[in-house]
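Notes for the one structure printed next.
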Amino acid sequence: MREGKADTLKSVSLRFYDTSARQVREFAPLREGCASLYLCGATVQAPPHIGHIRSGVNFDILRRWLTHLGYDVTFCRNVTDIDDKIIVTASEEGVPWWQVSERNQRAFTWSYETLGCLPPTVEPRATGHVPEMIELMQRLIEDGHAYAAEDGSGDVYFDVRSYPPYGELSNQRLDQVQEAADSDPDRDKRDPRDFALWKGAKPGEPSWDTPWGRGRPGWHLECSAMATKYLGPSFDIHGGGLDLVFPHHENEQAQSRAAGDGFAQYWLHNGMLKVGGEKMSKSVGNSLLIPKLIEKVRPVELRYYLAQAHYRSTIDYSDEALQEAAAAYQRVEGFLTRAVEVLGEVAPAQQVPGDFEAALNDDLGVSQALAVVHGHVREGNSALASDSNDKAAQYASELRTMLDVLGLDPLGEQWS
């Protein structure tokens, strides 16, 4: 914890909407003064569109706010670098699977950095954590929650019926749950709803040795293994897109808690970004990639656009809305530029205004926080116009601190 922040943290009332509880809960970290955060990062079968990077921006702001409040934050954002789609893409291109993964991971890293996201504390790759995955599967099999297929295929499955709370994160009963995506007549599963922890090797596919045969990890297993390795068997916050609640996060929670881990104490999910009311995806041809969008607006303006709505809300993309966001940011930037011209150097304030703090403490209310930002811009411009330089300096100083929390300070190192 940063020096001088202990008393402040004791008085902070920070609240988040927890998907698991389906209500807003006060944040009570497992370790006083510390916050552990896991974010489902990229599955690197293709370059990122702004729907992917929205999640990165939202949780970057959460991480910045926790840090501003004085928490020592450990932020783990994974990379899924082996996956069915990666293998298919590699086959279509006639290149090794790792070449597809490496190329697209670099594209994700560039996009995060271009939009001002701070690097995570650690960014593990799935393929670097096979030993941890094997250990987790062994624990589950020993406790009767998983089984190896009897046909010798090398498949290992989680037995959903062995874990009665299955479905609690996504608010489903087991009899409502559909067959797992990997269900087909050729798989030796006890129940079609059981999901793959490990997929037996197929000709030409990458594989690793396990006690049950060669194969590769299932998607859900990867995140449980990586999250607990770096954050411990129980940690504070698990984040990701709303589309991951089921089956991915449901399965993560089930396998981890069945193995005896407390896993995530809070589940935070950002809303989707759509185009014309449709979910953004390659299949509908409406993906919007970062290099193309920063030809229309500057990266900081694109970050403002992605940050301005509440993180749980749906954004329906349009060029008009993007340009409006850019114009709004330019008004903020314009005041600070004029303030520096009149006042000289403007240093950030030590604290943010109380209403800004209250907005972010209430489930990361960035839209309300930005209302405070624009209020400071209006008052600051009025102060400059009336030669009230002391007031203008105060507004500009507080504005810089608020913008730093949001990753939007035009005078900061990232954007200046």
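For the reader, a short list of remarks on this structure follows.
- Here Glu132 fulfils each of the conditions (1) among the acidic types (Asp, Glu); (2) in a loop (DSSP other than H, G, I, E, B); (3) closer than 27 Å to Ser101 by Cα apart from (2).
- Counted as qualifying within region 259-368 are the helices (runs of 4 or more DSSP H) with 1 or more residues that are open to solvent by 30 Å² or more (accessible area, probe 1.4 Å) and at pLDDT below 95, namely 290-293, 319-343.
- Look at (1) under 23 Å from Arg77 (Cα atoms); (2) open to solvent by less than 50 Å² (accessible area, probe 1.4 Å) and you find that Tyr163 fails only one, number (1).
- Pairs, first among the polar types (S, T, N, Q) in region 288-302, second open to solvent by 70 Å² or more (accessible area, probe 1.4 Å) and part of a helix (DSSP H, G or I), C-beta under 8 Å, six or more apart: none
- Residue match in region 15-28 (condition: in contact with a helix residue (DSSP H, G or I) (Cβ under 7 Å, 6 or more places away or on another chain) and touching a residue at least 60 places away in the same chain (Cβ under 8 Å)): yes
- Residues of region 95-116 that are open to solvent by less than 10 Å² (accessible area, probe 1.4 Å) and more than 17 Å from Lys85 (Cα to Cα): Ser111, Leu115, Gly116.
- Residue in region 383-405 that is open to solvent by less than 20 Å² (accessible area, probe 1.4 Å), part of a loop (DSSP other than H, G, I, E, B) and touching a helix residue (DSSP H, G or I) at 6+ places or on another chain (Cβ under 8 Å) present: no
- Pairing each residue of region 100-111 that is more than 18 Å from Val88 (Cβ to Cβ) with any residue that is part of a helix (DSSP H, G or I) and among the β-branched types (Val, Ile, Thr), provided the two are 6+ apart or on different chains, yields C-beta distances under 7 Å for Ser111/Ile53; Ser111/Ile290.
- Verdict on Ser162 being among the polar types (S, T, N, Q), in contact (Cβ under 8 Å) with a residue 60 or more places away in the chain and at negative phi: yes
- Selection from region 34-80 of residues that are open to solvent by less than 10 Å² (accessible area, probe 1.4 Å) and touching a Lys or Arg at 6+ places or on another chain (Cβ under 7 Å): Leu37, Leu39, Val57, Gly70, Phe75, Val79
- Cys117 passes every criterion in (1) out of contact with any Asp or Glu (no Cβ under 9 Å at 6 or more places or on another chain); (2) hydrophobic (A, V, I, L, M, F, W, C); (3) in contact (Cβ under 8 Å) with a residue 60 or more places away in the chain apart from (1).
The values are calculated or read from the model by the stated rules, or taken from the named source; none is laboratory data. Predicted model only: the values in this text are computed from it and were never measured. Don't worry about glycine lacking a Cβ; one is built from the backbone with ideal geometry, like all the others, and counts go over all protein chains shown. Calculation scope for accessible area: heavy atoms of the full protein, side chains included, ligands and nucleic acids excluded. Shrake-Rupley method; radii C 1.70, N 1.55, O 1.52, S 1.80 Å.
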